[in-house]
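For reference, the structure discussed in these notes is given below.
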Amino acid sequence: MLYRGRTVAVVGSGEEAVRDGDFLKSIGCSVLRFAENGRYEISGGEKAEKLIFRGEEYPVDCVFIIKDTVSVTKLVPGLEYGDGGIVTDRRMATAVPGVFAAGDCTGKPFQLPKAAGEGNIAALSACEYIDSRKKQ
Ligand SMILES: Cc1cc2nc3c(=O)[nH]c(=O)nc-3n(C[C@H](O)[C@H](O)[C@H](O)COP(=O)(O)OP(=O)(O)OC[C@H]3O[C@@H](n4cnc5c(N)ncnc54)[C@H](O)[C@@H]3O)c2cc1C
């Protein structure tokens, strides 16, 4: 919402870049899309002011860089994925013993308080797991 009514650049070629560009447009941003590979340069002072691509300068208030991500199923073999995220129980334990997940990778809502709370539980569960292994 910080960029409502402003000009933003969305750099990325995947589906997510298209979706995020559409979303920014829907909240009132003027969106410049950049889907081509190449060298992008951002210039400005404390904030982004210009995006430079192939010698052209584009005045912008913000640049969103949408990178491709590694699918979670490839990240750790054996993880279960469902309903938009890594499946966990209430202790944030995944299907792989000793692997705990927290935050955006476990699915919606993508919000800081959820990530912090889940991270807290996951850290405590990981400590318990390590302690239980030491006793064996
Ligand atoms: C523009 C924007 C605005 C937002 N505004 C709000 C808001 O106002 N309120 C709110 O509650 N939430 C907001 N969110 C959502 C919030 O930022 C996320 O929900 C939260 O940061 C998720 O935390 P996380 O720890 O799960 O993931 P992240 O914060 O994304 O952290 C994941 C970390 O893992 C690193 N990483 C990724 N892959 C690897 C790898 N293979 N190896 C090592 N490190 C890796 C990344 O570099 C990153 O540092 C916003 C998000 C965005 C993008």
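Per-residue answers, yes or no, for (1) more than 13 Å from the ligand (Cβ to nearest atom); (2) at pLDDT 95 or above:
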{"position": "79", "(1), (2)": "yes, no"}
{"position": "83", "(1), (2)": "yes, no"}
{"position": "116", "(1), (2)": "no, yes"}
{"position": "126", "(1), (2)": "yes, yes"}
{"position": "133", "(1), (2)": "yes, no"}
(message) Please count how many residues of the stretch 115-135 are among the charged types (D, E, K, R) and surrounded by 10 or more Cβ atoms within 10 Å (Cβ to Cβ).
(response) 3
(request) Among the residues of the stretch 29-59, count how many are surrounded by 12 or more Cβ atoms within 10 Å (Cβ to Cβ) and not in a strand (DSSP E or B). (result) 2
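Determine whether residue 64 is assigned to a loop (DSSP other than H, G, I, E, B) and among the aromatic types (Phe, Trp, Tyr).
Details: assigned to a loop (DSSP other than H, G, I, E, B): no; among the aromatic types (Phe, Trp, Tyr): yes.
Taking the combined requirement at face value, the residue does not satisfy it.
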(request) Select, from 75, 112, the only residue that is modelled with pLDDT of 95 or more, within 16 Å of the ligand (Cβ to nearest atom), open to solvent by 100 Å² or more (accessible area, probe 1.4 Å) and among the hydrophobic types (A, V, I, L, M, F, W, C). (result) 112
(message) Go through the stretch 83-99 and report how many residues are buried (at least 22 other Cβ atoms within 10 Å of the Cβ) and out of contact with any Leu (no Cβ under 8 Å at 6 or more places or on another chain).
(response) 2
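The values are calculated or read from the model by the stated rules, or taken from the named source; none is laboratory data. What you are looking at is a predicted structure, and each value in this text was computed from that prediction instead of being measured. Cβ: placed from backbone, ideal geometry, glycine included. Neighbour counts: every protein chain shown. Please note that ligands, DNA and RNA were not included when accessible areas were found on the heavy atoms of the full protein model with its side chains. Shrake-Rupley method; radii C 1.70, N 1.55, O 1.52, S 1.80 Å.
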